[in-house]
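Engineer: Below is the structure I would like to discuss, written out as structure tokens.
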Amino acid sequence: MPSDWTTGDASNPVMVSAISSVTRPARQVQTEVSVERPFKLSRRRFLVSVAGMSATALLAACGGGPAAPGATAPAAPTAGGAAAGTAAPTPAPAQQAGQLKNVPRNRTLIHGITGTQLTDYASFNPFVPGIASSTGYPFSFEPAFYYNAYNTPQACGPAGMKCEDGFIPWQAESYEYNPGFTELTIKLRKGVEWSDGKPFTSRDIAFTVNMLKDNAPKLKWSVDMKTWVKEVATPDDQTVKFTLNNPNPRFMLQFFSYHFDIGIEVVPEHIWKGQDPQTFTFIDLEKGWPVTTGPWKMVLTSPQQRIYDRRDDWWAKKIGFRELPAPERIIVLPGTDETKMVQMVINNEADMTIDLRPNNMKAVLAQNPKITTWTGKNSPYGYRDWWPIGLGFNCMREPYNDPEIRWAINHAINRQQLVDIGYQGAGDTTLLPFPKFPALDRYTDTVKDLAAPINTFDAGKTAEIMQRKGYAKDGQGFWAKGGQRFSMVIYSQILFQDIVPILVEQLRRGGFDASFKQVVGTEFSQQVYTGNIDAFVLGHGGSVRDPYFTLRLYHSRYSLPTGERATYPYRWKNEQFDQLVDQIGSTGENEPKLQELFRTAMGIWIKDLPDIGLVQWFHRIPTNTTYWTGWPSEENPYINTAYWHRTSPLWINSIKPAQ
């Protein structure tokens, strides 16, 4: 691609045609894996192509047990996500803010994401459930503070930034709790402005919080604000004072310190006031919307791409807080599938993509010497994310509302096999929904004895439970009762294509008539969060410093009846567990009783096992040094590299041109 390449207008986007004209294929990497019936993989050889993995071929190759049907084919997409058999609404038109200026490729940062198109191109409302987080929200909105969970004594945050224990002041300069953690006062930095030039003040924060409270539980963060916030006051433009319903020493970290996918987006009162926040799209390029405080202006949005140009009047530059980012343009592109994203990054048509499967990462590293990763050329080709993967259920739905059934399913799972085959050893297993971060070890180490039974891969234990529940195997080797076979469809995403087919085969060998449905776009979140499913594979965005945030994922306040969209999808209820989580939420991370409360709560959780831990999640993100250098790494972990995380501005503002 020439260095003077630019993007055309919305009706004829040059980027799309350029990407679609790529002919150089990514190398298809194949790995030999052995299989022995039943359960042990040691004899029969077969090939698994991870770059274009066929679920049917993989499951058949695994052998043993009943024949596997493979993935259920997703329904054909309809405009606007309309249900089959109904008239689809007219898609919203693409928008472009005037004639686009010319920006050379070596000053353009390009992200490749999954999906055949951008599903949220007609909205920039960050509070509507199901909206994608990877098309510009993280680098457009800014927080009071950032938090770097990967901070070390050598690299707390970006060079030249004030940083203490991973906390980096941004829109705010300081915060302070009262002794009982029932009040929080945030002091904002003077000179922060919205992109339309209006001042950013404490009133914008108060407006956003009250708007969320008034719309609970329909909007993201609304349940949390209604649960915790009694009152928010604005003594002056630079001061926000929260009065909380109960002590909460984590309130600042959880809601106003961006880390991973966590943190409330504050919106401008002068635009949102009088709007219906459940339907307001917050996007009109002719009006200059969306209006944020970040250094980027959206200039084109369509199903094929989103383009943001740098605003040289960014408040941080004006007051001398930060220099302008080196990139002059950011383009977000759908990569269709992982094979296409591999092609894009190998051919220097993307500077980074969403995290890749290990085989594809090896192909990228082998074919383009300018590509690197968090761990360079070495396994695991990335960093451990905060998102351990589990097999979840609608715990209100029979038979998954029975803890013993969930334990029977658990005993049919061989986690090490998922890592050895799916990740070719470049990964790690997990029993609990916590990331293996050093700060959490002091808690999770105290429940190793309680969690040990989870790590029992034993067909005999599965059979013992199922027979006690009245099940017997039918002629094809599946559990059945009353003439009804135990069947389950697991909802999955492309991210899990390397482990879910193996998981399904393990369950089938265990006697469960399992299959999976790999879906894209909004269908996954719609089905999973409304509970209209049997089971699903999903990560856990929760704790990074202490266990509270992961435990709260299972609090019954988030459990809604099947058919209603819930904030978290597990729909498990235990009153004693709720009480303990509430106590933990009001207990400081350094208080001795926190470990005792945690152990008691986990004893309840493990006994019921509402969610089955599978593997730790690694972000294997390729970073291309052809045009940009200074990417975060294991040697310089000033922040993690996921562009869809709210901390992405820290590295976007830090990378430098390579040419």
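Engineer: Look at Pro325 and say whether it is open to solvent by 20 Å² or more (accessible area, probe 1.4 Å) and in a loop (DSSP other than H, G, I, E, B).
Structural biologist: In short, no.
Engineer: Identify, by number, the condition in (1) out of contact with any Lys or Arg (no Cβ under 9 Å at 6 or more places or on another chain); (2) over 30 Å from Ser586 (Cβ atoms); (3) open to solvent by less than 10 Å² (accessible area, probe 1.4 Å); (4) assigned to a helix (DSSP H, G or I) that Met466 doesn't meet.
Structural biologist: (1)
Engineer: Looking at region 300-322, which of the residues that are in contact (Cβ under 8 Å) with a residue 60 or more places away in the chain, open to solvent by 10 Å² or more (accessible area, probe 1.4 Å) and within 27 Å of the chain's Cα centre (by Cα) is farthest from Gly115 (Cα to Cα)?
Structural biologist: Asp309
Engineer: Can you tell me how many residues within region 372-390 are touching a strand residue (DSSP E or B) at 6+ places or on another chain (Cβ under 8 Å), in a loop (DSSP other than H, G, I, E, B) and either of a type in the set (D, E, K, R) or surrounded by fewer than 24 Cβ atoms within 10 Å (Cβ to Cβ) (or both)?
Structural biologist: 4
Engineer: For region 436-451, which positions are out of contact with any Phe, Trp or Tyr (no Cβ under 9 Å at 6 or more places or on another chain) and open to solvent by less than 50 Å² (accessible area, probe 1.4 Å)?
Structural biologist: Passing the criteria: Ala439, Ala451.
Engineer: Something else now. Just one of the numbered conditions (1) within 34 Å of the chain's Cα centre (by Cα); (2) more than 27 Å from Arg545 (Cα to Cα); (3) surrounded by fewer than 21 Cβ atoms within 10 Å (Cβ to Cβ) is not true of Phe478; which one?
Structural biologist: Unmet for Phe478, out of (1) within 34 Å of the chain's Cα centre (by Cα); (2) more than 27 Å from Arg545 (Cα to Cα); (3) surrounded by fewer than 21 Cβ atoms within 10 Å (Cβ to Cβ): (1).
Engineer: Taking region 491-516, which residues are under 19 Å from Ala459 (Cβ atoms) and crowded, with 21+ Cβ neighbours inside 10 Å?
Structural biologist: Result: Ile502, Leu503, Val504, Glu505, Gln506, Leu507, Arg508, Arg509, Gly510, Gly511, Phe512, Ala514.
Engineer: In region 617-652, how many are in a loop (DSSP other than H, G, I, E, B) and out of contact with any Lys or Arg (no Cβ under 6 Å at 6 or more places or on another chain)?
Structural biologist: 22
Engineer: Exactly one condition in (1) open to solvent by 10 Å² or more (accessible area, probe 1.4 Å); (2) at pLDDT below 95; (3) under 26 Å from Asp355 (Cβ atoms); (4) touching a helix residue (DSSP H, G or I) at 6+ places or on another chain (Cβ under 9 Å) is not met by Leu538; state its number.
Structural biologist: It is condition (2) that Leu538 fails.
Engineer: OK, next. Here are some conditions: (1) open to solvent by 10 Å² or more (accessible area, probe 1.4 Å); (2) within 18 Å of the chain's Cα centre (by Cα); (3) of a type in the set (A, V, I, L, M). Val544 meets all but one. Which one does it not meet?
Structural biologist: (1)
Engineer: With hydrophobic (A, V, I, L, M, F, W, C) and over 17 Å from Ile264 (Cα atoms) as the only criterion, which of Ala144, Ala216, Ala172, Ala122 stands out?
Structural biologist: Ala122
Engineer: Scan region 161-191 for residues that are buried (at least 21 other Cβ atoms within 10 Å of the Cβ) and among the β-branched types (Val, Ile, Thr) and jot them down.
Structural biologist: Matches in region 161-191: Ile168, Ile186.
Engineer: Return the residue satisfying two criteria in turn: it lies in region 607-619 and is open to solvent by 10 Å² or more (accessible area, probe 1.4 Å) and not basic (Lys, Arg), and of such residues it is nearest to Gly425 (Cα to Cα).
Structural biologist: Only one residue tops the list, namely Phe618.
The values are calculated or read from the model by the stated rules, or taken from the named source; none is laboratory data. Computed from a prediction, not measured in an experiment: that's the story for all the values here. FYI the Cβ positions are ideal-geometry reconstructions off the backbone, even for glycines, and counts take in every protein chain you see. Calculation scope for accessible area: heavy atoms of the full protein, side chains included, ligands and nucleic acids excluded. Shrake-Rupley method; radii C 1.70, N 1.55, O 1.52, S 1.80 Å.
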